[in-house]
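Peer 1: Pasting in a structure now, in structure tokens, and then I'll have a few things to ask.
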Amino acid sequence: MSHAIEAKQAHTFLLIASKKAHHESFHTFLKAVDIISLESRIDKSLSLKHFLVKTIISQQVSVKAAASIWSKVKNVLDHHPPAISIDLLRDQGLSKPKASYVLGIMQNTELEKLSIADLKKLSLGELSQSLLALKGVGPWTLGVVRMFYVQDTDVFLEGDLGINKALEHFFKSKKYSGKHYAPYRTYLCLYLWKSLSNETNK
């Protein structure tokens, strides 16, 4: 299936599901918004290590701050690999714990052996066990990897601040699990994030 066809199929599914579930405000939003492609959100230039580092950097900081720190850290990773240390990483704006996590990721030789194809072959349990064993990787980071590296279409990112804000707006509860939208809960999240900056949700 092409990425454009998948995106259209997911959008149509979400429209039908929202109508069946009587999620009227979300249904109205979906009808008004442009179709979102998961593929357009994938940065294929990143290795698994760099993707994990970028995601760890983005934990609990603003998008703007994360982008600034990632730019500095990536420069260090690209040009000073033998000299990477916690102090050098902290000089790029990372906290001491995050610097430790990043150093651990970069020194992990097992991660170098894993391609996207390898990760796609793993069961959810196997993937979770492999990644959650890494310091700095929790359920949120695992979810982001599943979404934007493995390209799993059915991930609901519980605990994400943006998702929670959109859940309150459309579903009046942060505890909604997106159950009506499986197997396209990744797309559900994409549209929920989109709603935060879309004029139709003001």
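Read-outs: derived from the displayed coordinates by stated rules, not from any lab. These numbers come from a predicted model, not from an experiment. Please note: Cβ atoms are built from the backbone with ideal geometry, for glycine as well, and neighbour counts cover all protein chains shown.
Peer 1: Lysines near LYS172 by alpha-carbon distance under 16 Å, same-chain residues fewer than 8 away left out - which ones?
Peer 2: Filter leaves LYS202.
Peer 1: What number, rounded to the nearest 500 deg cm²/dmol, is the helix-based mean residue ellipticity at 222 nm of the chain, given -39500 (n - 2.57) per DSSP H run of at least four residues and division by all its residues?
Peer 2: On the way: 11 runs with 119 residues, N = 202.
Mean residue ellipticity at 222 nm (helix-derived): -17500 deg cm²/dmol.
Peer 1: So which aspartates and glutamates can LYS120 reach, going by Cα to Cα under 14 Å and dropping same-chain residues fewer than 8 places off?
Peer 2: ASP152, ASP154
Peer 1: Beyond 16 Å, what share of the Cα-Cα pairs of region 32-90 is found? Please give it as a whole percent. Intermediate results must be reported in sequence, preceding the final value.
Peer 2: Values: 922 of 1711 pairs.
Value for region 32-90: 54 percent of Cα pairs lie more than 16 Å apart.
Peer 1: Quick one: dipole size for region 48-148, taken about the Cα centre, charges +1 on Lys/Arg Cβ and -1 on Asp/Glu Cβ, in debye to the nearest 20.
Peer 2: Values: 13 positive and 7 negative charges, 53 e Å.
My answer is approximately 260 debye.
Peer 1: For region 1-127, compute Rg over Rh where Rg is the Cα radius of gyration and Rh is the Kirkwood radius from the inverse mean 1/r over Cα pairs. Intermediate results must be reported in sequence, preceding the final value.
Peer 2: Values: Rg = 19.3 Å, Rh = 17.6 Å.
In region 1-127, Rg relative to Rh is 1.10.
Peer 1: Please compute, over every Cα-Cα pair in region 75-202, the percentage with a separation greater than 27 angstrom. Display every interim value, and only then the final one.
Peer 2: Details: 2886 of 8128 pairs.
That fraction is 36 percent.
Peer 1: Please state the relative contact order of region 48-148 as a whole percent: Cα pairs under 8 Å, 6+ residues apart?
Peer 2: Working: 65 pairs, mean separation 35.7, N = 101.
With pairs under 8 Å counted, the relative contact order is 35 percent.
Peer 1: Placing unit charges on C-beta atoms (Lys and Arg positive, Asp and Glu negative, everything else neutral), compute the dipole magnitude of the chain about its Cα centre in debye, rounded to 20.
Peer 2: In total the dipole reaches around 440 debye.
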